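**Student:** Shown below is the structure under consideration.
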Amino acid sequence: MKIFFKNIKAHNSPLVILFIACSSLLTSCFGPKNLVTNRNEIQAYDYVGDTLEGWTLVRKDSLWGYVSKDGKKTIKPAFLWATDFADGMALVEDIDGYRYINSQGKLLRRIKASHAYSFAEGLAPIQIKDKWGYIDQKGKVVIKPRFDWAMPFHGNRAAVSIGLRKGHINKNGQLIIPAVYEESSAFKNGLAIVRKEFRYGLMDTLGNFVLPHHFDEIRHWEDKYYRVGVYDPDTRRISKLGLADASGNLLLDTVYTNIELQEQGFIRVNKNQLYGLYDKKGKEIISPEYTQLELIKGEPIIVAEKDKRWGFMDLQGKILLPFEYELPIRISEERIWAHQAGNSILFDTHFQEIKRFSKYNQVFVFSNGYAAVSIKDTSVYSGNLYGFVDRDGNEVIPPQFDGGVGNVTAHGIAVVGIKNHGIIRDHLLDIKTGSLVNKKAYSDLKSFGPVIYTNYGDFLSLKTGQEIRDFPYSSIQPLKHRRELAVVRKERKVGLIDTNMGELLPVEFEDVKDIYQDRMQVKKDGKWGFADEKFRIRIPIEYDEVSYFHIPELTEIRQNKKKGVMDRYGRKIIPTHYEFISFDPKSDRIYAEKSEGIDVFDKEGRLLFVSDFDYIGFYGRKPYVAFRKNDKIGFMDYDFHILVDPTYDRIGSFYNGLAFVVVNNRGGYINEDLELVLPVEFDDIEDFALGIAQVKKDGREYFIDTQGQEVTPTQEELDKRDAEIARRKSGWIDFSS
């Protein structure tokens, strides 16, 4: 620059004059641009988010903007995509790329990037040309762009990629944890989950393993805990689970088939199909020796089954009611039903016997002070008559109804069944008077909020049982995963209500799906979008097809007959250019198929590999995968290096360390190092099972072991082998090859 000014006179050069003018007015040329305008009138927005750091994210049609907390100022909806304010800044996207807006509503004009992330801990990762670095809130580059990908800071550490491997840097840009890992999560509780050679471990901020990377799975689990898992060769999946804390201590070894958080912070485990109980420090309270074990909500007691007998314990494992009762014990509303020697016994939750009955063959849980009971109907070969008892065991409605017994409402209305011409129909009974509310029969009565309804358009008051005239909807359908919510229909349009009958989504959609990962698919005018956890249309309704969120931040979308991938906030991380999208959860990669091959992306949307392959398999426990090109199958490693050229016509899954391969209608076997250990010479071939495979050669069928030696299995061995093959077909499918 000094040479430039030395050789060119400033007063003779318009370019220099312009440069000096811009340098003296840096804010005007390159500095923050004020986007704020006064809000003169109330405008209706299609989305209004939460107010964060003084600004509310809004959307009009498909453009995003902001409204100030007091509602007096706006940043006009003009962006293609935008985030909430965080760490004093908001990330937005326009036709030039990604930009930042500060808390004064000013756009950092000097920043234009093809990709960027939000600010966190004072810094934001940004892509400049082909490399990633970090800027501060003034737009100054503070960590030089030299990484192949970069993520926001968490706990003074940020994950960065060098090539295909990830590590972590500090805020000085120093690589504290070397980039040698396939995946590395953001730090939480001072720990990151890292994966190397498809094995997971827990690492602290200095790169020390607090839990070695020899697990096949590690997941965040309930606050400051991690569920760890190892592969079980018997089930051929990760089905041996354990538990670690945020210090890396292995509280529960990987010997359990299930680990669940229960009431009051206890941990229920399942081992060899038997249940036990631990506290959150990994101390055993009840050893795994019960076929059933449940903590009762709101009560300091446990109901359990052992040796086909039921009983109760307290939270220290002390027996409160001996294990000498039959059938599942029912408990609700401080009442317990138990069964012994043909008697139904009613207890309170202090295990004081209230009453016992010999005539009832079934008893049901209490609801609003009443429980249904039944006796054998002697007029028919198979059937019962139903009635009700109160909390003191008094029979308030003698057994007389034929079925359809449901819970009693808070207003004393119960569903009962009455047979007519051999068909049982539902009726409503006022349990306090013992008389039917009306004589009308219904089919399959259900309740939601204050309404009793049928699938045939009948709506009745939960309070009186009388039909509701002019009910605003033609049908109610509770969601499968959120029973307190229901899709309602009216004149071929649907909406969403809660149990208070409040409309969470207006009845103006063509379809509303269930909720996954706090996102709900909605359809309108033939297009799809998503509502968020507060039932606001967070992702515009403009896509031809969408799916539920997969891993769990991403979902596939289709637009103009092409597919791509979008995150939960509507940012397209993979453009809609592809014929088909598939997610490989083991490798955290996404395969995007086009007519001439498959592109491979990571879960951040970084293009890792462009191929002309017809097929790429899912990664399993080994860091390699099968691929197909020109109708031949080969293998490549995690870094996309070809390990075995496309040679085989067909390959099988690995069993007993071997997988069959087929070339020109002849078969052989490779090992897990992809070496051909049994030559391609068999006319017919199959997978190994229990160390034995049946083959055919020169017209003769026989069995071989894993060394290729002919063997003659016993009938018992053949029966076990057949059972193993049947087990594989009935359940788990191995996609590793």
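The numbers here are math on the coordinates, done by the rules we state, and not lab data. Everything numeric in this text was worked out from a predicted model, so none of it was measured. A quick note on method: Cβ atoms are made from the backbone with ideal geometry, for glycine too, and the neighbour counts reach across all protein chains shown.
**Student:** Of Leu504, Trp132, Val160, which is farthest towards the positive pole of the chain's charge dipole, taken about the Cα centre with +1 and -1 on the beta-carbons of Lys, Arg and Asp, Glu respectively?
**Tutor:** Checked the options; the winner is Trp132.
**Student:** Let me ask you something else. At a threshold of 8 angstrom on Cα-Cα distance, excluding pairs fewer than six apart, so keeping six or more, what relative contact order does the chain reach in percent?
**Tutor:** Numbers: 1715 pairs, mean separation 24.4, N = 737.
Dividing the mean separation by the residue count of the chain yields 3 percent.
**Student:** Tell me, what is the FRET efficiency for Asp136 and Lys112 to the nearest 0.05, using R0 = 25 angstrom and their Cβ-Cβ distance as r? Mind dumping the intermediate values first?
**Tutor:** Numbers: r = 17 Å, r/R0 = 0.67.
Calculated value: 0.90.
**Student:** Counting Lys and Arg as +1 and Asp and Glu as -1, each charge on the Cβ, what is the dipole of the chain about the Cα centre in debye, to the nearest 20?
**Tutor:** On the way: 103 positive and 105 negative charges, 705 e Å.
That gives the chain a dipole magnitude of about 3380 debye.
**Student:** Still on this structure, please answer the following. Which of the listed residues, Gly49, Asn455, Val303, is farthest toward the dipole's positive end in the chain, when Lys, Arg count +1 and Asp, Glu count -1 at the beta-carbon?
**Tutor:** My answer, from the dipole projection, is Gly49.
**Student:** Return the tail of the calculated pair distribution for the range 359-471, meaning the percent of Cα-Cα pairs more than 19 Å apart. Please report the intermediate quantities before stating the final value.
**Tutor:** Numbers: 2678 of 6328 pairs.
Tail of P(r) above 19 Å: 42 percent of Cα pairs.
**Student:** Please compute the Cα-Cα pair-distance distribution of the chain with 20 Å bins starting at 0, giving whole percents from short to long.
**Tutor:** 12, 33, 36, 16, 2, 0
**Student:** How big is the gap, in Å, between the Cα center of the range 490-527 and the Cα center of the range 79-135?
**Tutor:** That distance is 33 Å.
**Student:** Evaluate E = 1/(1 + (r/R0)^6) for Glu299 and Asn170, where r is the Cβ-Cβ distance and R0 equals 30 Å; express this FRET efficiency to the nearest 0.05.
**Tutor:** On the way: r = 50 Å, r/R0 = 1.66.
With R0 = 30 Å, the Cβ-Cβ based efficiency is 0.05.
**Student:** Per residue of the chain, what 222 nm ellipticity follows from adding -39500 (n - 2.57) for every DSSP H run with n ≥ 4, rounded to the nearest 500? Don't skip to the end; give the middle numbers.
**Tutor:** Values: 4 runs with 37 residues, N = 737.
That calculation yields -1500 deg cm²/dmol at 222 nm.
**Student:** Let me ask you something else. If each of Ile285 and Ile423 carries a label point 7 Å out from its Cα toward its Cβ, how far apart are those two points in nm?
**Tutor:** For Ile285 paired with Ile423, the spin-label model returns 5.1 nm.
**Student:** What shape does the range 638-737 have by the C-alpha gyration tensor, where a ≥ b ≥ c are the square roots of the eigenvalues, rounded means a/c under 1.5, and otherwise prolate means a/b greater than b/c and oblate the rest?
**Tutor:** On the way: a/c = 2.09, a/b = 1.33, b/c = 1.57.
Oblate.
**Student:** Treating the beta-carbon of each Lys and Arg as +1 and of each Asp and Glu as -1, no other charges, what is the dipole magnitude of the range 638-737 about its Cα centre, to the nearest 20 debye?
**Tutor:** On the way: 10 positive and 21 negative charges, 56 e Å.
Dipole of the range 638-737, to the nearest 20 debye: 260 debye.
**Student:** Going by Cα centres, the range 141-191 and the range 203-254 are how many Å apart?
**Tutor:** Centre-to-centre (Cα) distance: 22 Å.
**Student:** In addition: Report the Stokes-Einstein translational diffusion coefficient (µm² s⁻¹, integer) for the range 232-312, Rh taken as the Kirkwood radius over Cα pairs, at 37 °C with viscosity 0.692 mPa s. Intermediate results must be reported in sequence, preceding the final value.
**Tutor:** On the way: Rh = 13.4 Å.
The estimated diffusion coefficient comes to 246 µm²/s.
**Student:** Provide the FRET efficiency to the nearest 0.05 for the Asp348-Lys376 pair, computing r from the beta carbons and using R0 = 25 Å. Let's see the in-between values first.
**Tutor:** Working: r = 28 Å, r/R0 = 1.12.
About 0.35, to the nearest 0.05.
**Student:** Roughly speaking, what is the stretch gain from Asp61 to Leu80, that is 0.36 nm per residue apart minus the C-alpha to C-alpha distance, in nm to one decimal?
**Tutor:** Details: separation 19, 0.36 × 19 = 6.84 nm, distance 1.04 nm.
Gain on stretching Asp61 to Leu80: 5.8 nm.
**Student:** For the range 423-553, how big is the tail of P(r) above 24 Å, as a whole percent of Cα pairs? Mind showing how you got there, number by number?
**Tutor:** On the way: 3197 of 8515 pairs.
Beyond 24 Å sits 38 percent of the P(r) for the range 423-553.
**Student:** Here's another thing I want to ask about it. Dipole magnitude of the range 125-244 about its Cα centre, charges +1 at Lys/Arg Cβ and -1 at Asp/Glu Cβ only, in debye to the nearest 20?
**Tutor:** Working: 20 positive and 13 negative charges, 98 e Å.
Dipole of the range 125-244, to the nearest 20 debye: 480 debye.
**Student:** Give the angle, between 0 and 90 degrees and rounded to the nearest 10, that separates the Cα long axis of helix 14-24 from the longest principal axis of the Cα atoms of the chain.
**Tutor:** Rounded to the nearest ten degrees, it is 50.
**Student:** Points 7 angstrom from Cα along the Cβ direction at Lys224 and Glu334: gap in nanometres?
**Tutor:** That separation, rounded to one decimal, is 3.7 nm.
**Student:** Could you give the length gained on full extension between Tyr615 and Leu274, defined as 0.36 nm per residue of separation minus the Cα-Cα distance, in nm? Can you show the working numbers first?
**Tutor:** Values: separation 341, 0.36 × 341 = 122.76 nm, distance 4.23 nm.
Contour length minus Cα-Cα distance gives 118.5 nm.
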